[in-house]
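**Q** Sharing a structure, written as structure tokens. Questions coming.
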Amino acid sequence: MRTVVVTDSSGRPSPAAPLVVAEAVVVVPITILLADRQVPDDRIDPRLVDEALARSEPVKTRAPGVIDYLDAVDGTDAQAAVILTPAAELTAMWRHACHTPWLADRPVAVVDTRTAASGQALVVEAAAEAAAAGDSLADVVAVAREAAGRARVLGAVGTAEPLVAAGMVDLGRGQGRGRPTIFEARQGMIEPLRVLDGEDPVTALADLYAREQRAGSPVAFTGAGGGRGVQAMAERLAALVDSDRPPEVCSPAMTIYTGRGVIGIAWLDRA
């Protein structure tokens, strides 16, 4: 029984992933709501989002709905599907996806990856590799859950204010607001690790990764539309941590949540 992996565009596989992995994944786009139009995030120039945020224009996102997930499942010829979502605490996608098994005409499982962005992409790739190898739905689900338990993301933001405003981070008494901050996304939580006081965020992230005893091969990523400066920082970070994959640009929808110019590292802890 062939199984397909369905995920949203914030967790799409890396362009560096093997073709057989990419072919086992169906990606459902996130919709970006600009002041004058609505555009799927895979059909918009990320610079437009970045420029709108820079002008303080209202920019929002709409998560894939139940019908979007159902259409993604029904639009394949696979006999089963597993839907992988960002952590339920961070978006509505898990709640939406959970309705799909009741409506689909084939077996469907839903797995909360407990992470987001490139961390989610690594879980998706692990599950897709199992699906491409012909594993059963139950086995693909088991692989996804095991990878989700090992997913780690460290990031640096120019200011934690967007994460605080979205209710994702509690700095307590405003500490660190408006200042560069290192955070960790893990097991459905985004925790501020420390405020950067004149430190280079690239070096700080590389140092934190180097201290991890069980850290696996990393993926450096950037916030979408962050400009050449942020891309250059991500490339330098990838070199410092000896990443075997090129830096990846996240969905522009992520920039709306995190603010502009995010860089970070995602990896799966060694078992």
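The values are calculated or read from the model by the stated rules, or taken from the named source; none is laboratory data. Predicted model only: the values in this text are computed from it and were never measured. Heads up, the Cβs are rebuilt from the backbone with ideal geometry, glycines too, and the neighbour counts pull from every protein chain shown. Side chains included, ligands, DNA and RNA excluded: accessible areas come from the protein's heavy atoms. Shrake-Rupley method; radii C 1.70, N 1.55, O 1.52, S 1.80 Å.
**Q** Go through the range 50-59 and count every residue that is part of a helix (DSSP H, G or I), over 21 Å from ALA220 (Cα atoms) and either open to solvent by less than 10 Å² (accessible area, probe 1.4 Å) or touching a helix residue (DSSP H, G or I) at 6+ places or on another chain (Cβ under 7 Å) (or both).
**A** Qualifying residue count for the region: 2.
**Q** Please list, ordered by residue number, the strands (runs of 3 or more DSSP E) wholly in the range 165-250 having 3 or more residues that are modelled with pLDDT under 90 and open to solvent by 20 Å² or more (accessible area, probe 1.4 Å). Break it down into steps so the answer makes sense when it comes.
**A** Working: elements: 181-186, 189-195, 219-222.
Where strands (runs of 3 or more DSSP E) fall fully within the range 165-250 and carry at least 3 residues being modelled with pLDDT under 90 and open to solvent by 20 Å² or more (accessible area, probe 1.4 Å), they are 189-195.
**Q** Same structure, new question: Please specify each residue of the range 128-160 satisfying the condition of being within 18 Å of ASP8 (Cα to Cα), hydrophobic (A, V, I, L, M, F, W, C) and more than 15 Å from the chain's Cα centre (by Cα).
**A** ALA128, ALA131, VAL140, VAL141 - these are the residues of the range 128-160 that are within 18 Å of ASP8 (Cα to Cα), hydrophobic (A, V, I, L, M, F, W, C) and more than 15 Å from the chain's Cα centre (by Cα).
**Q** THR255 passes all but one of (1) outside any helix (DSSP H, G or I); (2) in contact with a helix residue (DSSP H, G or I) (Cβ under 7 Å, 6 or more places away or on another chain); which number fails?
**A** THR255 satisfies every listed condition except (1).
**Q** Which of the numbered conditions does VAL4 fail, given that it passes all the others? Conditions: (1) under 26 Å from TYR257 (Cα atoms); (2) in a strand (DSSP E or B).
**A** Unmet for VAL4, out of (1) under 26 Å from TYR257 (Cα atoms); (2) in a strand (DSSP E or B): (1).
**Q** Separate question: Within the range 78-96, how many residues turn out to be touching a residue at least 12 places away in the same chain (Cβ under 8 Å) and farther than 13 Å from PRO107 by Cβ? Let's see the steps before the verdict.
**A** Going through the range 78-96, the residues touching a residue at least 12 places away in the same chain (Cβ under 8 Å) turn out to be 78-94, 96.
Then keep just the ones that are farther than 13 Å from PRO107 by Cβ; that gives 84-94, 96.
The number of residues fulfilling the criteria is 12.
**Q** Considering ARG43, ARG37, ARG95, which residue is at pLDDT 95 or above, of a type in the set (D, E, K, R) and more than 21 Å from ALA266 (Cα to Cα)? Please lay out each step first, then the result.
**A** Details: ARG43 fails: at pLDDT 95 or above; ARG37 fails: at pLDDT 95 or above.
Testing whether each residue is at pLDDT 95 or above, of a type in the set (D, E, K, R) and more than 21 Å from ALA266 (Cα to Cα) leaves just ARG95.
**Q** What are the residues in the range 1-27 that are open to solvent by 10 Å² or more (accessible area, probe 1.4 Å) and farther than 23 Å from PRO218 by Cβ, if any?
**A** Selection gives MET1, ARG2, GLU23, VAL26.
**Q** Tally the residues that are buried (at least 16 other Cβ atoms within 10 Å of the Cβ) and in contact (Cβ under 8 Å) with a residue 40 or more places away in the chain, restricting the search to the range 28-47.
**A** So the count comes out to 6.
**Q** All but one of (1) in a loop (DSSP other than H, G, I, E, B); (2) touching a Lys or Arg at 6+ places or on another chain (Cβ under 8 Å) hold for ALA266; which doesn't?
**A** Here ALA266 meets the rest and fails (1).
**Q** Next up: What's the total number of residues in the range 20-55 that are over 27 Å from LEU84 (Cβ atoms) and small (Gly, Ala, Ser)?
**A** 3
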